1. Once you've got the GNM for the chain with C-alpha springs shorter than 10 Å, pick whichever of 308, 345, 221 has the biggest mean-square fluctuation.
2. Roughly how far apart, in whole Å, are the Cα centres of segment 6-49 and segment 134-189?
3. What is segment 195-337's relative contact order, in percent, from Cα pairs under 8 angstrom and six or more apart in sequence?
4. Over the chain, consider all pairs of different Cα atoms and compute the Kirkwood hydrodynamic radius from their mean reciprocal separation; express it in Å, one decimal.
5. How much mean residue ellipticity at 222 nm does the chain get from its helices, if each DSSP H run of length 4 or more adds -39500 (n - 2.57) and you divide by all residues, to the nearest 500 deg cm²/dmol?
6. For labels at residue 22 and residue 84 in the simple 7 Å Cα→Cβ model, what's the distance in nm?
7. Where both residues lie in the chain, what percent of DSSP beta bridges are antiparallel, nearest 5?
8. Evaluate E = 1/(1 + (r/R0)^6) for residue 150 and residue 244, where r is the Cβ-Cβ distance and R0 equals 30 Å; express this FRET efficiency to the nearest 0.05.
Ligand code: SF4
């Protein structure tokens with residue numbers, strides 16, 4: 001509600017939290033690097049100018065939290081190849097159509113006559129399949145645990161309705177595997193993680209325990225209102241300064257220790273863990289979800305074989321390094337000059353949750 005939103009944006013509380021953060025790190029002689037791995041956090045941090053408000057000992061960086069951004073180029077190429085397949089309707093969330101593939105994009109294919117439709121839920125794709133029995137309807141399943149249960153629900157609904165012309169081209173990713181991978185990257189020193197809000201509502205705060213136990217990196221599950229983010233930063237800063245590494249939950253009004261078992265159960269009926277490739281990071285073991293053999297009839301990759309071009313990453317685009325938090329958008333020579341939200345070169349400029357798009361919109365703050 002309006003009141004609740006206002007309550008998490010109160011400037012007086014924000015000032016008090018900033019004072020507490022300053023007091024916490026006052027005698028801390030190093031700089032601590034805190035990473036958020038959630039596109040909504042990226043947007044909130046830019047939108048509210050939070051980075052500029054923090055003391056110099058705290059450096060906030062963005063990690064691989066934008067689902068469209070982490071989807072590798074060969075996935076876009078396969079979607080393009082499917083869009084060119086006669087009698088195929090591609091259904092997708094809006095952002096994906098603008099992500100450049102090796103030599104085309106879904107937007108370009110649409111302009112050339114391909115039937116590509118933006119949907120707001122995988123269930124919309126089911127409805128399109130039911131109305132077009134002579135066509136094959138493919139849904140582009142891109143996202144984290146927040147969206148995957150709804151895709152699983154759509155597959156189960158299609159099965160129940162006896163639809164044989166619906167399938168999913170999946171690139172589903174999971175947390176916290178990439179956080180574990182980044183923690184062991186010797187070039188990157190992450191002192192603490194602001195853990196995602198929505199994803200944690202499904203997987204639960206306890207999902208971050210292995211990182212804390214294996215890598216001794218503090219994790220704080222944080223909401224995405226400005227006061228949530230500031231509280232999350234304060235909780236992380238306290239842990240770092242005190243030498244603690246624990247899982248703490250700032251967002252307990254939504255996230256439970258065990259998450260949402262019902263949603264996970266639906267997800268696990270249709271999907272199973274697999275290794276997955278992340279743009280810029282490479283293959284991370286156990287970091288993806290693929291459709292189980294029991295539901296292989298809904299797996300577009302198996303059902304609709306197509307020739308896919310050799311993947312070509314765009315020269316000069318630093319998306320991969322940006323997703324690892326190693327560089328900022330301003331470090332990319334194409335930023336603002338050649339790469340803009342109207343004409344994006346890389347995925348990080350396409351999605352509004354992408355770091356390049358956020359910095360383009362709000363500036364380097
Ligand atoms: Fe890639 Fe564009 Fe970001 Fe540069 S500004 S890293 S080209 S998305």
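1. 308
2. Between the Cα centre of segment 6-49 and that of segment 134-189, the gap is 31 Å.
3. Result for segment 195-337 is 19 percent.
4. That comes to 21.2 Å for the chain.
5. Taking each H run of at least 4 residues, the total per residue is -11000 deg cm²/dmol.
6. 5.9
7. Of those bridges, close to 20 percent are antiparallel.
8. 0.25
Since every read-out is calculated from the coordinates, none of them should be taken as a lab result. None of these values were measured; they are calculated from a predicted model. Please note: Cβ atoms are built from the backbone with ideal geometry, for glycine as well, and neighbour counts cover all protein chains shown.
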